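These notes are about the structure you will find just below.
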């Protein structure tokens, strides 16, 4: 009898999670090279690995948002990133907070920037030394939604920052990037 009760208890504990929660994870992509002051377009999707809905701000004013920031590592800050016009670690890019977000169903995805799935432009700050960096997207940096895993909220794309172009008449200039056309 004890063995039957133990087996039944073990089976039920494995079948049902302790509580239902969402688990938002970003997926980000961008070009591999840029210069300080450039505008970047990026791709963004938010995946929900959890077993309940991750609420976005369109349905709940306290839903998740996404920050795009530049970093020398893949770690990111522990809370919202902060904008600055010049380089510093984990700087929020100008235009880099996605605050109008859709809810993500359990096991589902939401892609941003339809129809081409690119969002932006996000402007890189001035004064970035040339080198290897990461363009990162952090979902729910303000911890507004309850998640089963808070350790997978940042995704990063490697990006090489090149030296600014030098015009001997005008000095260093950001590279010229085509601007997105309004839809």
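Just to be sure, is residue 130 closer than 22 Å to residue 38 by Cα, modelled with pLDDT of 95 or more and either surrounded by fewer than 18 Cβ atoms within 10 Å (Cβ to Cβ) or over 14 Å from the mean Cα position of the chain (by Cα) (or both)?
Yes; evaluated as a whole, the condition is true for this residue.
For residue 14, state whether it is under 26 Å from residue 149 (Cβ atoms) and either modelled with pLDDT of 95 or more or assigned to a helix (DSSP H, G or I) (or both).
Yes, satisfied.
Return the residue satisfying two criteria in turn: it lies in segment 78-88 and is part of a loop (DSSP other than H, G, I, E, B) and in contact with a strand residue (DSSP E or B) (Cβ under 8 Å, 6 or more places away or on another chain), and of such residues it is surrounded by the most Cβ atoms within 10 Å (Cβ to Cβ).
81
Given (1) crowded, with 17+ Cβ neighbours inside 10 Å; (2) under 15 Å from the mean Cα position of the chain (by Cα); (3) at pLDDT 95 or above; (4) closer than 26 Å to residue 62 by Cβ, identify the lone condition not met by residue 111.
Condition (1) is where residue 111 drops out.
Residue by residue, here is whether (1) part of a loop (DSSP other than H, G, I, E, B); (2) at positive phi; (3) without any contact (Cβ under 8 Å) to a residue 12 or more places away in the chain holds:
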residue	(1), (2), (3)
92	no, no, no
100	yes, no, no
107	yes, yes, no
110	no, no, no
120	no, yes, no
128	yes, no, no
134	no, no, no
138	no, no, no
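Looking at segment 61-73 only, could you name the residues that are more than 16 Å from residue 161 (Cβ to Cβ), surrounded by fewer than 18 Cβ atoms within 10 Å (Cβ to Cβ) and in contact with a strand residue (DSSP E or B) (Cβ under 9 Å, 6 or more places away or on another chain)?
If the condition is that a residue be more than 16 Å from residue 161 (Cβ to Cβ), surrounded by fewer than 18 Cβ atoms within 10 Å (Cβ to Cβ) and in contact with a strand residue (DSSP E or B) (Cβ under 9 Å, 6 or more places away or on another chain), then no residue fits.
The values are calculated or read from the model by the stated rules, or taken from the named source; none is laboratory data. What you see is a predicted model, and the numbers here were worked out from it, not measured in a lab. Glycine gets a Cβ as well: all are built from the backbone with ideal geometry, and neighbour counts include every protein chain shown.
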